[in-house]
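Here is the structure we will look at.
We did not get these values from a lab; they are worked out from the coordinates using the rules stated. Remember, predicted model here, so these are calculated numbers, not experimental data. No Cβ is skipped: glycine too gets one built from the backbone with ideal geometry, and neighbour counts run over all protein chains shown.
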Amino acid sequence: MFDSLTERQEKILGLVVRYYIETGAPIGSSTLVKQHELDVSSATVRNELSALGEMGYLMQLHTSAGRIPSELGYRYFVQKLLGEFLLPVDERQMIRHQFHQARLDMSQWMRLAAAILARTSHGASFVTAPQIRPSRFKHVQLISTQGRLVLMILVLFGGEVNQQMLTLAEPLPQAQLSAAAERLNGLFENATNDDIAAQVNQLNPLEQEISRLVLEVLQHSDAQTIRDIYRDGLINLIEDKGTRQAVRVLEERTLMANVLTETQPPDATGVQVVIGGEGRWEELKDCTIILSRYGAVEQFSGTVAVIGPTRMAYGRNVAAVRYVADLMSGFVYQYYMEDLSLDS
């Protein structure tokens, strides 16, 4: 993906990126030499800037201007030059204290995570609710309503509740419906779509009918990329002309689902950085998204992310996303995984 750079070229590229992030202004060879007391001449730095431009790492807005990073330059910087960065100790302590002060409620933690990330990044943020992968049956309840109509209440692990009306071939007493539900609850405890499908043909007609509805719900749940989304800081994108289009990503569920599907595969771990839409999303051509899974990857997980201009404080924002994701993961393990019985 990257052309090989010399140690000096890497140093100069890093200086240009950091200068542009800090000031928003192009920088030339003379300024680089003076500000950083480089032990080479301006002419040498000028040649290196030219070489970095030819390789696609730097750009010039016009011929006589200094250099600014390109998308490729930002990518090289993030992947090879950024290094390890931690939020200041007092800031980490304040964030942790805010989480400990919150009620033991996932929705409140997600709102808090979104607010903290928006404030820390001076951009926008989003947090998606954790989902079971694959969806798992918890329990079903059958309630006789009128005549042949029966209300099926299906609860999945993770808290998703689905209600559907079932029309039977003939009316059945509540005692028989409750007995069927009790039997299915015993057979399907913690079962996935595939587990249930393998047992359907062994059931009686009523249980088969209920099971097929259960399978439909599980299949639909597995197909969902995201459910609940918590957003914050959208005003920061709207006020920035270059990132205004990115609001669409936060407002359109289908577009966000597409971005998450491609950037967060089921086995994704650690922090991912998407710069300039990676050539796939026009709405993100002037933006960077920094995102990370939280929770138990491939079992019960969601995503935390910040989105802002490509000219952002990468070290700080990567550290913030990583730290908040770690706190959210701790919450999931402490208060959810034991109940879910999925951590073995």
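Of the residues Ser144, Ser42, the one with the fewest other Cβ atoms within 10 Å heads the list, and the complete ranking is Ser42, Ser144.
Summarising the label geometry, the points placed 7 Å from Cα in the beta-carbon direction at Thr6 and Arg183 lie 8.0 nm from one another. Each principal axis of the Cα cloud of the chain was evaluated for its coordinate range; sorted largest first, these ranges are 91, 39, 37 Å. Positive end of the dipole of the range 12-150 (Cβ unit charges, origin at the Cα centre): among Gly123, Met106, Phe77, the Cα lying farthest that way belongs to Met106. Partner lysines whose Cα lies under 28 Å from the Cα of Lys285, excluding those fewer than 8 positions away in the same chain, are identified as Lys11, Lys80, Lys241. Across the range 83-131, the mean sequence separation of Cα contacts (distance under 8 Å, 6 or more residues apart), normalised by length, yields a relative contact order of 25 percent. The residues Met312, Met328, Met59, Met1, when put in order of fewest to most other Cβ atoms within 10 Å, stand as Met1, Met59, Met312, Met328. The magnitude of the dipole of the range 258-330, with charges of +1 and -1 set on the Cβ of Lys/Arg and Asp/Glu and taken from the Cα centre, is near 280 debye. Ordering Glu239, Glu251 from the fewest to the most neighbouring beta carbons within 10 Å gives Glu239, Glu251.
A Cβ-based charge dipole, computed about the Cα centre of the chain with Lys and Arg at +1 and Asp and Glu at -1, lands at about 880 debye. Fully extending the segment from Ala223 to Ser50 would add 57.4 nm, taking 0.36 nm per residue of separation and subtracting the current Cα-Cα distance.
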